[in-house]
Amino acid sequence: MKIYQKEIVLKKAYPRGFHLITQEIISNLEEIKNINAGICHIFLMHTSASLCINENADPNVRRDFLNFTNRLVPENESYYTHILEGSDDMPAHIKSSLYGNFLTLPIKNGSLHLGIWQGIYLCEHRDFSSNRHIFITIIGN
Amino acid sequence: MKIYQKEIVLKKAYPRGFHLITQEIISNLEEIKNINAGICHIFLMHTSASLCINENADPNVRRDFLNFTNRLVPENESYYTHILEGSDDMPAHIKSSLYGNFLTLPIKNGSLHLGIWQGIYLCEHRDFSSNRHIFITIIGN
Amino acid sequence: MKIYQKEIVLKKAYPRGFHLITQEIISNLEEIKNINAGICHIFLMHTSASLCINENADPNVRRDFLNFTNRLVPENESYYTHILEGSDDMPAHIKSSLYGNFLTLPIKNGSLHLGIWQGIYLCEHRDFSSNRHIFITIIGN
């Protein structure tokens with residue numbers, strides 16, 4: 001059994017929205033080629049963004065995700081008390097946990113084994129963030 | 001350390017709803033008997049359905065999940081732009097990521113180690129889908 | 001490759017709310033010191049509470065999470081049919097799956113490897129629960 005770990009810093013600070021980062025993740029994971037069967041754990045080291053799996057073809061899906069999510073978790077609710085870091089901050093924390101901050105994906109025959117329509121989304125919930133850090137653990141034979 | 005992988009195709013196309021598939025999953029995983037301590041990663045290879053853990057006894061729970069979820073993510077919102085595949089399609093993508101498309105479950109003494117009330121739900125968010133594919137990785141001693 | 005498993009019973013029954021349990025979890029996991037690189041799978045054995053990762057500093061964040069979540073999944077909806085166990089029961093099931101009931105976290109150099117602002121939340125969705133059981137699997141070198 002092999003195990004590899006590495007930290008990735010995304011190549012840019014993404015704006016608020018849902019962004020397809022499958023290729024950026026894969027391009028950092030040459031070690032997967034050495035794994036015949038295993039799992040890839042992808043952990044976002046933040047509390048105001050998320051990772052999820054969704055449709056990898058139509059950019060309209062990502063736009064609709066953003067518009068839905070902004071309505072699901074509104075800004076400036078009168079009952080919010082964590083408000084010092086801006087109106088997008090507390091909603092970003094909530095969105096982070098609704099979508100989740102980690103993925104575990106299968107590895108088969110030296111590649112991530114995803115469904116044909118599946119891609120990795122970075123869900124950036126802050127208006128202005130920095131380059132997000134992702135910590136990856138690969139386990140397998 | 002042992003590792004097993006296999007793809008399961010669910011035995012039918014489930015209608016929109018929350019469906020208890022614990023036994024169908026377990027019946028496909030004879031390899032778990034060989035694992036004393038480990039984890040079972042269950043990965044749904046789609047972007048319009050979900051997997052989650054919830055109550056395994058009362059069918060009313062699954063019905064209430066469906067009715068709540070349909071209200072949480074409405075169809076035909078005026079701002080949706082991904083609309084060519086039917087009114088249930090974009091909501092299905094959103095629901096897929098809110099509940100998530102994978103589970104990691106503990107294995108102990110040759111069995112999935114779940115709480116007494118816990119079962120595995122397939123959350124089917126499309127009205128008419130096909131038999132869903134699930135890719136399973138078992139790791140343990 | 002090493003594997004450790006253990007069941008933790010939280011030291012008290014928490015009230016409805018979002019509770020920071022990072023230190024309580026870590027204090028039960030001496031085995032992590034023996035792991036150089038690996039993962040820690042933390043599985044809540046219930047269907048009316050959740051685990052998630054979020055902000056570890058300001059208690060206002062946890063209060064806002066509670067108030068938002070109570071609004072997101074209201075009690076006493078006319079269409080609920082699973083109502084015999086109290087008005088907080090069906091909402092608790094739904095909230096459990098929206099936030100999820102398990103975490104997989106990286107282990108590096110003998111410690112959980114979390115972002116500087118990340119902590120482990122127990123999201124207790126029932127008004128009166130018991131001491132929650134958590135089953136932990138550690139895998140690594």
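Observations on the structure shown:
- In loop segments of segment A:87-134 as defined by DSSP, the chymotrypsin sites (Phe, Trp or Tyr not before Pro) with at most 14 further C-beta atoms inside 10 Å of their C-beta are A:F128.
- Placing +1 on the Cβ of every Lys and Arg and -1 on the Cβ of every Asp and Glu, with no other charges, gives chain B a dipole of roughly 420 debye about its Cα centre.
- For the protein assembly as shown: rounded, prolate or oblate by the Cα gyration tensor [a/c cutoff 1.5]: rounded
- Cα centroid of segment B:34-79 to Cα centroid of segment A:44-63, whole Å: 19 Å
- Under 5 Å from the amide H of A:I107 lie the amide H atoms of A:G38, A:I39, A:C40, A:H113, each residue being 5 or more positions distant or on a separate chain, with H modelled from the backbone and absent for Pro and chain starts.
- In order through segment C:56-63: 3J(HN,Hα) via Karplus (6.51 cos²θ - 1.76 cosθ + 1.60), integer Hz, x for Gly, Pro: 9, 10, 9, x, 4, 4, 5, 5
- Farthest toward positive dipole pole in chain C [+1 Lys/Arg, -1 Asp/Glu at C-beta], among C:P15, C:F68, C:C52: C:C52
- Couplings for segment C:42-50, taken from phi via the Karplus curve 6.51 cos²θ - 1.76 cosθ + 1.60 with θ = phi - 60°, read 10, 10, 7, 8, 9, 10, 9, 8, 9 Hz in order; Gly and Pro are left as x.
- Expressed per residue, the C-alpha convex hull volume of segment C:85-141 stands at 114 Å³.
- Ascending list, in nanometres, of distances separating the C:K12 label from those of the other copies (7 Å, Cα toward Cβ): 4.9, 4.9
- Peptide C:126-138 - average C-beta neighbours from other chains (10 Å radius): 2
- Taking the helices alone, chain B has a mean residue ellipticity at 222 nm of -6500 deg cm²/dmol, built from -39,500 (n - 2.57) per DSSP H run of at least 4 residues and averaged over all its residues.
- Average Cα contact separation per residue, chain A, under 8 Å, 6 or more apart, as relative contact order %: 55 percent
- Occluded residues from segment C:1-29, i.e. those whose accessible area drops by 30 Å² or more once the chain is not alone (1.4 Å probe): C:M1, C:I3, C:Q5
- Calculated label separations, B:N36, copies of the chain, 7 Å along the beta-carbon direction, nm: 2.4, 2.4
- Dipole of segment A:2-140, positive end: most advanced residue of A:I94, A:F128, A:P106 [Cβ charges, Cα centre]: A:P106
- Label-to-label distance for C:N67 and B:A57 is 3.6 nm, based on points extended 7 Å past Cα in the beta-carbon direction.
- Whole-Hz Karplus values for segment A:64-78 come out as 5, 4, 4, 5, 4, 5, 5, 7, 5, 10, x, 8, 6, 5, 4 Hz, taken residue by residue from phi with 6.51 cos²θ - 1.76 cosθ + 1.60 and θ = phi - 60°; glycine and proline positions read x.
- Ranked by the mean number of other Cβ atoms within 10 Å of their residues, highest first, the peptides C:39-46, C:10-17 fall in the order C:39-46, C:10-17.
- Axis-proximal residue, chain B, for the rotation superposing B on C (Cβ, Å): B:M1, 3
- Ascending list, in nanometres, of distances separating the A:N109 label from those of the other copies (7 Å, Cα toward Cβ): 3.9, 3.9
- Compactness index (Cα Rg / 2.2 N^0.38 Å), segment A:47-141: 1.26
- Peptide C:108-119, shielding by other chains (average Cβ, 10 Å cutoff): 3
- Shielding by partners - mean other protein chain Cβ count within 10 Å, residues of B:61-71: 5
- Rounded to the nearest 20 debye, dipole of segment B:6-56 from Cβ charges on Lys, Arg, Asp, Glu: 160 debye
The values are calculated or read from the model by the stated rules, or taken from the named source; none is laboratory data. Computed from a prediction, not measured in an experiment: that's the story for all the values here. Cβ sites come from the backbone with ideal geometry, for glycine too, and all protein chains shown count toward neighbours. Protein only, heavy atoms only, side chains kept; ligands, DNA and RNA dropped before computing areas. Shrake-Rupley method; radii C 1.70, N 1.55, O 1.52, S 1.80 Å.
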